[in-house]
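Only the coordinates and a few stated rules stand behind these numbers; no lab work does. Since this is a predicted model, take the numbers as computed values, not measurements. We place every Cβ from the backbone using ideal geometry, glycine too, and count neighbours over all the protein chains shown.
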Amino acid sequence: MGIENLCDCAIGHWLHGRRPSRIARFSNDTRTLCAGDCFVALKTDARDGHSFLPMAAERHASCAIVSKADSGIDLPQFVCADTRVALVKIAKLFRSQFIGTVIAISGSFGKTTTKDILRLLLAVGNNATFGNLNGDLGVPMTLATLNNDEIFAVIEVAVDRPGDMDILAPMVSPHIAIVTGIGKAHMRNMGSEEGTAREKCKLVGHAIANGGCGIFTGECLRFDYFRGLREGSIVVEEGSPSAGYGVRMCRGRTLVNVMLDGQSFPFAVPRMMSPGTIKDFALACLCALRCGVQPEAIGKRIARWEPTPMRGEIVKSGERTYFMDCYNANPTSFRDSCEHFDRLFPHGNRLLIIGALMEEEIGPTAADENAALLENFPVRRGDCVIIIGDGVEQLAKKVCRCHSRAFALAEEARHVVESFRGVVYLKGHRHYRLETLVFGAQ
């Protein structure tokens, strides 16, 4: 849609009239910045992004959006009063010029997995959220790179406090809004699942107002906010012939029968899919069918699916096999993950490393949620269990039938991991950095 359009926002100018030839993506983090990206220099209480302009140039950024120009750096710079405000205005401009179909995905769990599957089914290249850049910075960065060379865009939208969706939903302006489910996440700010539902349903409301539809799971109907949006939405429930799915095994393959308007579409999916991921596939599949993708194309594309790194990923290293699910953690994803692990690796030596659910994320019921999870955890006799977190010694004692230990930090468990031979399960919030037990500190 043209770099020259930045000037149309009436928010700034190119220093000395020098412009880049292209912008691949937008990024405010030089650690993940790639050649061709535009670096957005944000100023926060912790740091000033302008001090990283030399690093951005070294990493071959195409340009930078700045509020303080630096003529001494060999980098095209778009100068404006406030870089954050500029990014939002650029995002709105580019979104208004995109003529394709925009699908937005939100929910307490499964957002990134659903986004990755839907991106695959719709054959979306660049018009999709990169990684999990799904918040108040990630959403405008994604929208600011929309390109009319593609007919679909898949945008992941995360909110962690009341009012966030009032800003993000109209910015995304989706034609289809998918809500993967409502659970306990960001409870410190949201206060309750009711508060989360109130926020998530706004995305569906915007899609319906745009003449599109919502797609959400039947469990969302326990909230009045979603019941009021049922008309104009596809409500997905396991076994429903109108919009649902079912799972069966056939000759060693896992078949997911997706039902829509009384028709059944069977798809062979990778056996590594957990029940939660199969539900995410059903949501994505129904969306793809709604968008006109043929069932034959969906079948071929889903066969190429692999888990997103650190979200059910399996990594082999020496005498250990790691099952890594250590990016996000809430009660729903925890149950799905541990049951899936137990099905994949029911035998042999197993070391289970679990990051305790945190009050900051789950709310004041975190202790009870942890106790319930561990009491029902599929622990087998002979397993070794390690609980990571502050004050988790009592939690470790709740794990029966096996040897259990507690550590405050993941690093304290390194000697146990390095002396172990077998399968290692890693599940916990990214706060614990459990992946460092596999890859080391980055």
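Taking packing as the residue-averaged number of other Cβ atoms within 10 angstrom, the listed peptides 113-125, 268-280 run from highest to lowest as 113-125, 268-280. Placing unit charges on each Cβ (+1 for Lys and Arg, -1 for Asp and Glu) gives segment 117-222 a dipole about its Cα centre, and among VAL172, LEU120, VAL159 the Cα reaching farthest toward its positive end belongs to VAL159.
Tell me whether segment 311-439 comes out rounded, prolate or oblate; compute the Cα gyration tensor, take square roots of the eigenvalues as a ≥ b ≥ c, and use a/c under 1.5 as the rounded threshold. Can you show the working numbers first?
Values: a/c = 1.41, a/b = 1.33, b/c = 1.06.
Note, shape of segment 311-439 comes out rounded.
Among the GluC sites (Glu not before Pro) in segment 276-381, those located in a DSSP loop and surrounded by at most 11 other Cβ atoms within 10 Å of their own Cβ are GLU319. Can you classify segment 1-143 as rounded, prolate or oblate using the Cα gyration tensor, where a ≥ b ≥ c are the square roots of its eigenvalues, rounded means a/c under 1.5, and otherwise it's prolate if a/b beats b/c and oblate if not? Here segment 1-143 falls in the prolate category.
What number, in percent, do you get for the relative contact order of the chain if the mean sequence gap of Cα pairs under 8 Å and at least 6 apart is divided by its residue count?
After rounding, I find 11 percent.
For segment 182-288, the Kirkwood hydrodynamic radius comes to 14.9 Å, computed from all pairs of different C-alpha atoms. Within a straight-line Cα-Cα reach of under 25 Å, LYS397 can be paired with the following lysines, leaving aside sequence neighbours fewer than 8 residues apart in one chain: LYS184, LYS427.
For the chain, DSSP calls about 35 percent of its internal beta bridges antiparallel.
Going by alpha carbons, how many degrees (0 to 90, nearest 10) lie between the helix axis of 366-375 and the longest principal axis of the chain? Roughly 40 degrees, rounded to the nearest 10.
What the Kirkwood sum gives for segment 98-302 is a hydrodynamic radius of 16.9 Å, with every pair of different alpha carbons counted.
The C-alpha atoms of the chain occupy a region whose extents along the principal axes are 70, 54, 40 Å, arranged from largest to smallest.
For segment 272-335, a/c is not less than 1.5, where a ≥ b ≥ c are the root eigenvalues of the C-alpha gyration tensor, and a/b does not top b/c. That puts it in the oblate class.
Taking the Cα centre of the chain as reference, the dipole from Cβ charges on Lys and Arg (+1) and Asp and Glu (-1) amounts to some 980 debye. The count of lysine pairs in segment 1-149 that are at least 8 places apart or cross chains, and whose C-alpha atoms lie under 22 Å apart, stands at 5. Charges were assigned to the Cβ only: +1 to each Lys and Arg, -1 to each Asp and Glu. The resulting dipole of segment 236-327 about its Cα centre is roughly 320 debye.
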